[in-house]
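Note sheet for the following structure.
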Amino acid sequence: MAAVLRSGFWALVVLVSTSSQSSFERQLSVQLNPGWTTTSPPPGGDLLHVRAFGDNDTLHYLFCSQGAPTLLLIHTNSSSSTVQVDWPLFLARNTSGSLKVEPESSILHSTAVVFSRLLEYDDVNDTADPTSDLFPPYELQNFTWSRLNLTGDSARLCGASSSSSGVLCLQLSVFKTDGRGQTWPRLLHTANSSQLEVWIDGLLPRATRSRFLLELQAVGGAYPLSRVEVHRSIDDEYTPSIFKASHWVSAANGSSDVRSFVQWKPVAYRRSDPALEEATPCSHSEPRWQSGETTAAASGLVQAFDSDLDTFGLNVSFGLAGEPFYNSTKFLSWTVLVGVGSPPVDSFSPLVVAIMAVGLGTPVVLLLLGGLWVCLSKKAADSTTAYEPIN
Amino acid sequence: MADIEERRSLLGGEGDDGSPSGGPADRAPGRPMPAICDPAHLLHRVVVLGFMCFLGFGSYFCYDNPAALQTQVLQDLNLNTAEFMQLYAWYSWPNVILCFFGGFLLDRVFGIRLGTIIFSLFVCVGQVIFATGALLNRYWLMECGRFVFGIGGESLAVAQNTYAVNWFKGKELNLVFGLQLSMARLGSTVNMNIMGWVYSRVADLVGSPGYTALGGSLMIAGVTCLFSLGCALVLGFLDRRAERILNKEQGKAGEVIQLTDVKDFPFPLWLIFLICVCYYVAIFPFIGLGQVFFIEKFNFSPAEARAVNSIVYIISAPASPILGFMVDRTGRNVIWVITAVAATLAAHMMLAFTFWNPWIAMSLLGVSYSLLACALWPMVAFVVPEHQLGTAYGFMQSIQNLGLALIAMAAGAILDNKGYLVLEVFFCACICLALMASVMLYFVDYQRGGGLNQSAAARAKLQKEATSDAE
């Protein structure tokens, strides 16, 4: 038994040493509407440009509400690459190439994520099967979007539909270093990723048993995001009761080299300050190839940057059968991570490792000490009996 | 709840030396009666045994109602897990005190017959209040219900033991205890596996799931308590009749509680208490929270989750007598305790750190839980003199209930904020503490001459010498 315990202990020691990763830091520079010279904001929506400088590469995050809200992530291998916007062409939204990265040869990879549509269906029989009774979708490109509200390294964008009250908001956070979100699902992020929180607040449902789906499109250049891997994890410390993470990545091109990813945990929350019972599970459909032209028409950023429009789309559906309907709180919030490289993977927290190490270590130590003491006292007893007088 | 049967080994031991005040043989009734009506006849006692077994069925059935309906309770009443676990805490609170007085109340205040009926009434009324609280969607009322239920539940088990000793002393007592234990486990198991179905039926009947359906199903569960109350009444009648015919005395729980004894408890006894508390707090609150855990971590269906959650009880029913026999034969209780605790730790670690099929871990948990019960509880009798046994067992159960109440609340709060992994790690930590205490117990006992860890042969030899010395 001692051997078992000891091996468990050493396994934990190994875990401790591996879980402390070296943290890598980027410098951030935030610019709203780069190259726009007029004092009034550009018509049709703001363009946010965040540059994240590494030692020998730069990540360009472009977030824009010209059309459907879009996050474009460009990875370059130069620490001095820049983004050039030809504003008249960009605003015209009919030609590719109005947004360029200089030098163009420095581009390693680019991925755009478009939040294209919000779908609603009447779940009369509480089956959470979204194929039935779909209402006409909310086209997010037709929403009226607010200006970008910048606070620190995050930006908030809210939009309203003309046909309904309530808002759909997106909050983009870009990170200097490794860390973890403040609120559930508390996704682990690296300096190579950004986080987007999407929430619907107060949007009036068109049926009392309405449930929602969000349509996402990923435009992936040479490595389109064509499959979703669902990873099981025993660690639900940061997202209680959720034991899965979904990684939307490019199809393995013979190698395990993942260029970029969209990662989320299959959970949404029905309140802005959620407790565990307000968590609602999500599911996603398989990514499907889509025509890039419609995506480009919907998103100004995709139209302006991408010429190679290999697009895959999927729906994330909120709520499973038996879960409360949207109507109960009229709020839904869901968080994704978009980044380059491999998706970050959770590891045990120091708290868990410490408790297990102490918990398993102490009985082993006790056993060893006790065993030693027994041996010594036995020896002592033996020696006393050996020299005892015969009578 | 399930801990009280372990005290029976104590009562069983006493059963042999106390002489019944009215031997049935020498007071044969004047007129002949059919065997089934003759209190002196085995057939009649078998009938009585049936009523005794079902006396506790209702309270065991209803104790784990919240665990069996965990998802429904959480959703229909809009509770968080911490609030849900309060339902278990409120059951334990009255027993922190009552464990000392259950026997006293039965012996001195009410008498066994009236006492049993009163405790059964508490159980019934508690369950009805609990169900009414659900019907009206008043959570505080449900907590009150669990409190009242708790007052009755644990003391009823003492009454059940007393009846058993009274009717079967020196005859088939161990078998009777075994049967009662199996019956208790059966109650828990049936509850776990049937309540979900009852709920869905009631939900169909009232139109939709919701607190009305929940209240309705809890009311239906309350029928088992009514049934048990019926058993209490019948038993009371039969016992009185037997007393009249056989001129025997009312049964006594026979426990003398002397709180001042506590200061004389030897160090090993405190270690035993520590093992007891740390071990059971990682079992019962876990089972209370198990259903949703299996659904969410292992993607089980609700019915499957309830089944795997009840496997601990199912295994315990046949395993307890077998393991009990084994421990009796081999002795070496401390080693068995260490084995049981280590196996439980392994089971909890499997649940925490792997996706292995939980049937494995839960079966291991079931076996080790039964083994611990067989090895741990009798040890108390080895370390304290007989006149302090009542106090020692009362104290042990009291702090166990205290631990259960506190840990139930803590477990809910941990789950709400930190999730299942940390909760499981917390349970592992409790078990580790129990493991430390049992390892320490081994060495402390070794230093004191190894009385606890003797083999059965050595123990028998010692006893023989002691008796021959006395002669």
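The values are calculated or read from the model by the stated rules, or taken from the named source; none is laboratory data. Given the structure is predicted, the values throughout are model-derived calculations rather than measurements. Cβ sites come from the backbone with ideal geometry, for glycine too, and all protein chains shown count toward neighbours.
Say whether the condition of being closer than 30 Å to A:Val267 by Cα, without any contact (Cβ under 8 Å) to a residue 24 or more places away in the chain and outside the structural domain of B:Gln70 (by TED's automatic domain parsing) is met by at least one residue in the range B:343-350.
yes
One residue is enough: does the range A:250-266 have a residue meeting the conditions in contact with a strand residue (DSSP E or B) (Cβ under 7 Å, 6 or more places away or on another chain) and within 14 Å of chain B (Cβ to nearest Cβ)? Quick ask: steps written out before the conclusion?
Within the range A:250-266, the first condition is being in contact with a strand residue (DSSP E or B) (Cβ under 7 Å, 6 or more places away or on another chain), and the residues that meet it are A:250-251, A:258-266.
Keeping just the survivors that are within 14 Å of chain B (Cβ to nearest Cβ) gives A:265-266.
Within the range A:250-266, one or more residues are in contact with a strand residue (DSSP E or B) (Cβ under 7 Å, 6 or more places away or on another chain) and within 14 Å of chain B (Cβ to nearest Cβ).
Within the range B:42-85, considering only helices (runs of 4 or more DSSP H) that don't extend past its boundaries, which have at least 2 residues that are of a type outside the set (Gly, Ala, Ser) and under 30 Å from B:Leu175 (Cα atoms)?
Helices (runs of 4 or more DSSP H) meeting the threshold: B:42-55, B:57-63.
Would you mind telling me which numbered condition in (1) within 13 Å of another protein chain (Cβ to nearest Cβ); (2) in contact (Cβ under 8 Å) with a residue 12 or more places away in the chain B:Trp377 fails?
Every condition holds for B:Trp377 apart from (1).
Scan the range B:352-359 and tell me whether some residue there is modelled with pLDDT under 95, surrounded by 21 or more Cβ atoms within 10 Å (Cβ to Cβ) and within 30 Å of A:Glu277 (Cβ to Cβ).
Yes, the range B:352-359 contains a residue that is modelled with pLDDT under 95, surrounded by 21 or more Cβ atoms within 10 Å (Cβ to Cβ) and within 30 Å of A:Glu277 (Cβ to Cβ).
When the residues of the range B:196-222 are filtered to those that are in contact (Cβ under 8 Å) with a residue 24 or more places away in the chain and under 16 Å from B:Val123 (Cβ atoms), which remaining residue is surrounded by the fewest Cβ atoms within 10 Å (Cβ to Cβ)?
Among those residues, the one meeting the criterion is B:Met219.
Going by what's in this entry, would B:Val262 be described as in the same structural domain as B:Leu77 (by TED's automatic domain parsing), surrounded by fewer than 22 Cβ atoms within 10 Å (Cβ to Cβ) and among the β-branched types (Val, Ile, Thr)? Steps first, answer last, please.
Numbers: in the same structural domain as B:Leu77 (by TED's automatic domain parsing): no; surrounded by fewer than 22 Cβ atoms within 10 Å (Cβ to Cβ): yes; among the β-branched types (Val, Ile, Thr): yes.
No, not satisfied.
Of the residues B:Val439, B:Val422, B:Val444, B:Val384, which single one is out of contact with any His (no Cβ under 9 Å at 6 or more places or on another chain), among the aliphatic types (A, V, I, L, M) and more than 14 Å from chain A (Cβ to nearest Cβ)?
It is B:Val384.
For the range B:413-471, enumerate the residues that are part of a loop (DSSP other than H, G, I, E, B) and touching an Asp or Glu at 6+ places or on another chain (Cβ under 6 Å). Break it down stepwise before answering.
Here is the first cut: in the range B:413-471, the residues part of a loop (DSSP other than H, G, I, E, B) are B:448-454, B:471.
Residues satisfying the conditions are B:Leu452, B:Asn453.
Would you confirm, using the coordinates I've provided, whether B:Phe168 is buried (at least 24 other Cβ atoms within 10 Å of the Cβ) and touching a residue at least 24 places away in the same chain (Cβ under 8 Å)?
no
For the range B:172-213, give me each residue that is among the charged types (D, E, K, R) and either part of a helix (DSSP H, G or I) or farther than 18 Å from B:Ser320 by Cβ (or both).
Start the filter on the range B:172-213 by keeping residues that are among the charged types (D, E, K, R), which leaves B:172, B:185, B:201, B:204.
Answer for the range B:172-213, where residues must be among the charged types (D, E, K, R) and either part of a helix (DSSP H, G or I) or farther than 18 Å from B:Ser320 by Cβ (or both): B:Arg185, B:Arg201, B:Asp204.
Being surrounded by fewer than 22 Cβ atoms within 10 Å (Cβ to Cβ) and without any contact (Cβ under 8 Å) to a residue 12 or more places away in the chain, is that true of even one residue in the range A:71-91?
Within the range A:71-91 (the criterion being surrounded by fewer than 22 Cβ atoms within 10 Å (Cβ to Cβ) and without any contact (Cβ under 8 Å) to a residue 12 or more places away in the chain), the answer is yes, since at least one residue qualifies.
Starting from the range B:285-309, keep only residues that are more than 10 Å from chain A (Cβ to nearest Cβ), then list their pairs with residues that are of a type in the set (D, E, K, R) whose Cβ atoms are within a distance under 7 Å, requiring at least 6 positions of separation or different chains.
B:Gln291/B:Arg306
Restricting attention to the range A:197-230, which residues are in contact with a Lys or Arg (Cβ under 7 Å, 6 or more places away or on another chain) and farther than 27 Å from A:Phe331 by Cβ?
Listed by number, the list holds a single entry, A:Tyr223.
For a quick check of your reading: which strands (runs of 3 or more DSSP E) sit entirely within the range A:281-391 and have at least 3 residues that are buried (at least 22 other Cβ atoms within 10 Å of the Cβ) and either touching a Phe, Trp or Tyr at 6+ places or on another chain (Cβ under 6 Å) or at the interface with chain B (Cβ under 10 Å from one of its Cβ atoms) (or both)?
The strands (runs of 3 or more DSSP E) meeting that bar are A:331-340.
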